[in-house]
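Peer 1: Pasting a structure below so you can have a look.
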Amino acid sequence: MLRVALAEARAGYAEGGVPIGAALFGPDGGLLGRGRNRRVQDDDPSVHGETAAFRDAGRQRSYRGTTMVTTLSPCWYCSGLILQFGIPRVVVGEDRTFEGRHAWLAEHGVEVIVVDDPECVELMTTFIKERPDLWNEDIGADE
Ligand SMILES: [Zn+2]
């Protein structure tokens, strides 16, 4: 499942964007939606990997049994979305380059699996080194 999210992240990198990808899977493991951070591509800071995958999945009667897979630990905004819609499981590619709010999700009953995938780490590390300005813009950090 992480392969789909990573393919989205790599596509984002190739487009000159922030390389974070995500995918939402149904209870049967079928792909419901996929997407990537489109801050640069769409000039829209509200399109994160998780929100893009969520929107790509369209209307769902229920999120019971679904899994959100993301290449990077989810921020407050995406963690809020996960709780708001009751997505019960999150697979995180890595949390080394950015520690988001997955601990907070776990406290609220979400099953969190951190894969610590070396390809996810390498992609983000390369991006942060190449584009510190864009990265700081994305995480809202002052330089
Ligand atoms: Zn986010």
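Peer 1: Quick one: net charge of Y77's neighbours, Cβ under 10 Å, K/R +1, D/E -1?
Peer 2: Net of charged neighbours comes to 0.
Peer 1: Could you check how many percent of all C-alpha pairs in the chain are farther apart than 28 Å?
Peer 2: 10 percent
Peer 1: Right, something else. Can you tell me the dipole magnitude for the chain around its Cα centre, using point charges on the Cβ only (Lys, Arg +1; Asp, Glu -1), in Debye to the nearest 20?
Peer 2: 700 debye
Peer 1: So, R0 is 22 Å and r is the distance between the beta-carbons of D56 and W104; what FRET efficiency does that work out to, to 0.05?
Peer 2: 0.35
Peer 1: Additional query: Determine, from the Cβ-Cβ distance of D44 and W76 and an R0 of 25 Å, the FRET efficiency 1/(1 + (r/R0)^6), rounded to the nearest 0.05.
Peer 2: 0.90
Peer 1: Sorted by accessible area with a 1.4 angstrom probe, largest first, how do F25, F85 fall?
Peer 2: My answer, sorted largest first, is F85, F25.
Peer 1: Quick one: Kirkwood hydrodynamic radius for the stretch 95-138, alpha-carbon pairs, angstrom, one decimal?
Peer 2: For the stretch 95-138, the Kirkwood estimate is 11.9 Å.
Peer 1: Separate question: What spacing in nm lies between the two simple spin-label points modelled at E137 and Q84, each 7 Å away from Cα in the Cβ direction?
Peer 2: 2.4 nm
Peer 1: Here's something else I'd like to know. Which values, in whole Å and largest first, are the semi-axes of the equivalent ellipsoid of the stretch 9-50 obtained as the square root of 5 times each eigenvalue of the Cα gyration tensor?
Peer 2: Result for the stretch 9-50: semi-axes of 22, 10, 6 Å.
Peer 1: Taking all protein chains in place and a 1.4 Å probe, what share, in percent, of the accessible surface of the chain do carbon and sulfur account for?
Peer 2: Heavy-atom surface of the chain belonging to carbon and sulfur, 1.4 Å probe: 48 percent.
Peer 1: Of all DSSP beta bridges in the chain, what percent run antiparallel (nearest 5)?
Peer 2: Of the beta bridges lying entirely in the chain, close to 50 percent run antiparallel.
Peer 1: On alpha-carbon atoms, Rg over Rh for the stretch 68-118 using Kirkwood Rh?
Peer 2: Dividing the radius of gyration by the Kirkwood radius yields 0.92.
Peer 1: Kindly work out what percent of the DSSP beta bridges joining two residues of the stretch 59-143 are antiparallel, to the nearest 5.
Peer 2: Bridges in the stretch 59-143 are about 0 percent antiparallel.
Peer 1: Name the residue farthest towards the positive end of the dipole of the stretch 19-143 from the options S62, A106, A52, assuming +1 on Cβ of Lys and Arg, -1 on Cβ of Asp and Glu, about the Cα centre.
Peer 2: S62
The values are calculated or read from the model by the stated rules, or taken from the named source; none is laboratory data. Only a predicted model underlies this, so the values are computations on that prediction, with no experimental measurement involved. Because the Cβ atoms are built from the backbone with ideal geometry, glycine has one as well, and the counts that use them run over all protein chains shown. Just the protein is used for accessible areas: all its heavy atoms, side chains included, with ligands, DNA and RNA removed. Shrake-Rupley method; radii C 1.70, N 1.55, O 1.52, S 1.80 Å.
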